[in-house]
Each structure stands twice: as C-alpha cells, then as structure tokens.
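This report refers to the structure that appears directly beneath it.
The values are calculated or read from the model by the stated rules, or taken from the named source; none is laboratory data. Since the model is a prediction, treat every value here as computed from it, not as a measurement. As a convention, Cβ positions derive from the backbone with ideal geometry for all residues, glycine included, and neighbour counts pool all protein chains shown. Please note that ligands, DNA and RNA were not included when accessible areas were found on the heavy atoms of the full protein model with its side chains. Shrake-Rupley method; radii C 1.70, N 1.55, O 1.52, S 1.80 Å.
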Amino acid sequence: MNVVLCDDYQQMSTQAATVFAECLAANPAAVLGLATGSTPIGVYENLIARFKAGEISFAEATSFNLDEYIGLHRDHPQSYYYFMHQQLFNHVDLPSQRIFVPSGVESDYGAYCQWYEDRITEAGGIDLQILGIGSDGHIAFNEPGTALGSRTHITELDHQTIDDNARFFQSKAEVPRRAITMGVATIMDARKIILLATGEHKATAIRDAIAGPVSSECTASALQQHPDVTFYLDSAAACLLPAE
Ligand code: PGA
C-alpha cells in the first residue's frame, strides 16, 4: 500500500488526474472505474481541462461506475448517472455506449447485478479504479459488515451514510435507503486502485483502512491485500495514522 500526502485538495486532484492520464496514454482503450461523491469532482475537472487542451482522449475508453441509489431515475439530479454526466461525461469524448452506471430502477436485481459483473468481465476487467471513502470506512456502498468476498449487490445504507449524504438532498427523509453497488471483491479485481480522502471527518476511516485489521467492519481495509493501491490524503485525513 502506498500513501501519498498532498498539500491540499487541488494538488491531490491533479496527482490523481495524472494517474488517469498516464493510464490512458499507456492504453487508450483502458477500462476506468469511476466514483461519485464530493471527493473526485476535482479530478474530473482536471481531466476535462486536459481533454479540452488536447492532452487526453477517452474516445476508446470504457467506464464503469461503482454504485447508484435504488429508486432514482437517471434524470433525478441526485442520481449518480446524472452526477457523472454533469461532472464528466457531458464534457469529454467517452462514447455513451461504453459508459456503464448501475441502474437504480431495475425489477430483477438478481439478474441485473450478474449482468453488470459480466459487462466488466467482458470489457477485460477494470484497469484503474478511483475510490473515495465513507466516514464509516465504506468503499462504494460496501457498508460495515459487508462480506469482503462480495460482488455487485443490493445493500441497505448505513445511518452514517444517510446522514453524510443528506446534504445533497432537501431533507434526510429523501435520501434513498438502498443502493446497488459493486462488491468489495469486484473492486479488488481492478488492476490499479487509487483512493482519495480529505478532511478530519475521514481520519478514523483512513486509520482503520490502512493501519487496522483487515475486517468487514471497515471494508476499505480489504485494500491492504491489493497489490497496487495508493491512498492520496491531505494532512487532516492522515492525522490519525501511526508514525512510521
Ligand atoms: P464523499 O463520499 O466523497 O462525498 O466524501 C465518499 C464516499 O462516501 O465514498
């Protein structure tokens, strides 16, 4: 596990965007694993700027998003499908037929979750996955207690996650209670993983992820067993890490 300490959000976003740019330079047909939340917005802004400057292209790439709220249609402003189009897809040349965001409005989720896994496999697996982390240590919506061997599945959101995400909705009551998410094992299959975190409210989760036991109580701790993972942290998120 590598840990990169960043001066601030901007520097973290630039460094993470550089990892994407290098991935696309090495393989223009790369399969990218993308995340929502506040944390990656700066990375997407940086990638859009590099695309507009002619430095990178997504024309041959494929993307898979981690998760989606159950019950929100694509055009709901808080759906992750909508978020990704606002924050990235509408501004770059990634072809729509190679954009995969889990659907929040399926009727047969047993079949749909397997379908999503199969699309990732068919694409050749994820080359580079970006992650945020929840204040409860979740990656994607793999809440505490989720099996580390899990694949794409439906999950109940934790109270902590509902509280954390209420800021995006008009009231806490509007936050969906369930989500579809890639499983921990789905994420662990990615060939390279970068996890970004800023702020003191992430410090406990970061400590448990990096220095705690590998446990489903902090699903990010599974990353300790991944061969190529780098955490990009500001000093506040890193403040509880033990000194080396
Ligand atoms: P955030 O969410 O980037 O909005 O803090 C991270 C997460 O819940 O994974």
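Figures for the structure shown
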| item | result |
| --- | --- |
| Derived scalar couplings ³J(HN,Hα) [the stretch 150-160; Karplus, 6.51 cos²θ - 1.76 cosθ + 1.60; whole Hz; x for Gly, Pro] | 5, 10, 3, 7, 9, 9, 8, 6, 5, 4, 4 |
| Counted charge near Ile162, where neighbours are those whose Cβ lies closer than 12 Å (Asp, Glu -1; Lys, Arg +1) | -3 |
| The chain, accessible area per residue, ligands and nucleic acids excluded (1.4 Å, Å²) | 43 Å² |
| Solvent-accessible area, 1.4 Å probe, carbon plus sulfur percent, for the chain | 48 percent |
| Residues Glu122 and Ala25, FRET efficiency given R0 of 35 Å [Cβ-Cβ distance, rounded to 0.05] | 0.90 |
| Max mean-square fluctuation residue, GNM over the chain, Cα-Cα springs under 10 Å, options Ile48, Ile162, Ile139 | Ile162 |
| Inter-site label distance for Arg167 and Trp115 at 7 Å from Cα along Cβ, in nm | 3.5 nm |
| Ordering of 109-118, 140-149 by packing [mean C-beta count within 10 Å, highest first] | 140-149, 109-118 |
